[in-house]
Amino acid sequence: MPSDIPALARDRVRLPADTVYLCGNSLGPLAEGVAAAMRQAVEVDWQDKIVRAWNEAGWHAAPARVGDRLARLIGAGAGEVIVADSTSVNLFKLLTVGLRLRPGRRVIIVEESDFPTDVYIADGVARTLGAEVRRIAPDGLEAALADDVAIVALSQVNYRSGRRRDMAAVTAQVQARGALMLWDLCHSTGAIGVDLAAVNADFAVGCGYKYLNGGPGAPSYLFAARRHHDAIDQPLTGWHGHAASFSFSPDYRPAPGIARFLCGTAPQLSLVALEAALVAFDGIDAATLEHQAAALTGLFIDLYDRDLARRGFGLATPRAAAERGAQISLTHPEGYAIMQALIAEAVVGDFRAPDVLRFGFAPLYVSGGDVATAVARLVDIVDSGRYREPRFAQRKAVT
Ligand SMILES: *Cc1c(COP(=O)(O)O)cnc(C)c1O
């Protein structure tokens, strides 16, 4: 079981010494160059240029420029991706757009076990527009796809189980029934191969602070296939999505292209951080990420079979590489305490109620050695019973 898998670019992120960080699917680490870029934005651009920085520091153009920069990681073309708002807000925009593009159809399909915000937002859109949400089980898509479905929103990789969907097959299945396909790429981009053009996706969203390392609360990105742009009627008609924001016209006219998805003023300091963080992916394509993630998760599963299966752990992630993301989820009845003990020993994963231990293998900076260390510490923590110390039982606000 060779664990000599070097990280792709460990020196492009800053992690505390001796920490094995397997939580990049929750919050990515600080990338090299981000602190300097933020210092420049605050102490030069903001401090000295003040309002002129919107023009002179390239702030105004940042949402489109950063969108174009990350487009290659998801197989999108120039002008098809924009950075704005949060994933939740972008889901609201795109689900509404989907219903408006399919008049006469009034159903949104979501997966019940998807990330809760996706389900909550679908419910909110439905209540706002008088539409209906059809919640499906993971394998319930075909049965739910009737002629009343306007749009289907699914994660490529499930946040809890790490299970991956076949994007090409699902997109074709949905479009064959006349519906639109919206992919949530929060647990995909920067972690595994994504090719929106190849699968003919209609829309996608994803978040900037997980595998892209954009920092806490980094803005989200939104993809809309160019073929839809002219017909898109976006509900959050803020002034930055106007065709001429600085004409201050009392009447809304949508900007041409992807810019019509903008709403209010961008969180510019967060955009600076995200843009600088993306430099860490220079020279690394999605196929390389895919290959590395498969090797790391494959190694973890091998070590699970050898050391963890007989210590009370279960494997919640599919074994086939094509059916899993860059994440492995284990179950254990005492999972919360075990994860707290593991974190105390500098192997950082996280926990999702009721019993899931999540391990994210960000291909950028995780190595095979990290995988081996994580499993060895888990074995030691369980065999020694250390996780039973009372301090590991206390629930924190963020798990
Ligand atoms: C992390 C995540 C989100 C986050 O949404 P925000 O609005 O950016 O907080 C949404 N959907 C999925 C599937 C996620 O994993």
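The values are calculated or read from the model by the stated rules, or taken from the named source; none is laboratory data. For clarity, every value in this text was computed on a predicted model and none was experimentally measured. Because the Cβ atoms are built from the backbone with ideal geometry, glycine has one as well, and the counts that use them run over all protein chains shown. We work out accessible area using only protein heavy atoms, side chains counted, and drop any ligands, DNA or RNA first. Shrake-Rupley method; radii C 1.70, N 1.55, O 1.52, S 1.80 Å.
Suppose we filter Gly124, Gly67 for residues that are within 22 Å of Ala198 (Cβ to Cβ) and either outside any helix (DSSP H, G or I) or open to solvent by less than 30 Å² (accessible area, probe 1.4 Å) (or both); which single one remains?
On the way: Gly124 fails: within 22 Å of Ala198 (Cβ to Cβ).
None of the other options fit; the residue is Gly67.
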Please list, ordered by first then second residue, the pairs with beta carbon atoms under 8 Å, 6 or more apart or interchain, first in segment 372-399 and free of Cβ contacts under 8 Å to residues at least 40 places away in the same chain, second open to solvent by less than 100 Å² (accessible area, probe 1.4 Å) and among the basic types (Lys, Arg).
-> Asp380/Arg386
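If only one of Thr288, Thr373 is among the hydroxyl-bearing types (Ser, Thr, Tyr), surrounded by fewer than 16 Cβ atoms within 10 Å (Cβ to Cβ) and under 23 Å from Arg14 (Cβ atoms), which one is it?
Details: Thr373 fails: surrounded by fewer than 16 Cβ atoms within 10 Å (Cβ to Cβ).
The conditions single out Thr288.
Anything in segment 12-38 that is of a type in the set (A, V, I, L, M, F, W, C) and not in a loop (DSSP other than H, G, I, E, B)? List them, or say none. Full working, then the answer.
Going residue by residue through segment 12-38, those that are of a type in the set (A, V, I, L, M, F, W, C) are 13, 15, 17, 20, 22-23, 27, 30-31, 34-38.
Residues satisfying the conditions are Val13, Val20, Leu30, Ala31, Val34, Ala35, Ala36, Ala37, Met38.
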Which condition breaks for Asp139 when tested against (1) within 14 Å of the ligand (Cβ to nearest atom); (2) open to solvent by 50 Å² or more (accessible area, probe 1.4 Å)?
-> (1)
Which numbered condition Ala255 misses (of (1) away from the ligand (no atom under 16 Å from the Cβ); (2) farther than 30 Å from Ala322 by Cα; (3) open to solvent by 10 Å² or more (accessible area, probe 1.4 Å)) = (3)
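Are any residues in segment 39-62 part of a helix (DSSP H, G or I) and either of a type in the set (A, V, I, L, M, F, W, C) or open to solvent by less than 10 Å² (accessible area, probe 1.4 Å) (or both), and if so, which ones?
If we filter segment 39-62 for residues that are part of a helix (DSSP H, G or I), which is where we start, we get 39-56, 62.
Listed by number, the residues that qualify are Ala41, Val42, Val44, Trp46, Ile50, Val51, Ala53, Trp54, Ala62.
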Meets criteria (within 14 Å of the ligand (Cβ to nearest atom) and assigned to a loop (DSSP other than H, G, I, E, B)) for Pro219 = yes
Right, Pro354: part of a loop (DSSP other than H, G, I, E, B) and free of Cβ contacts under 8 Å to residues at least 60 places away in the same chain or not?
-> yes
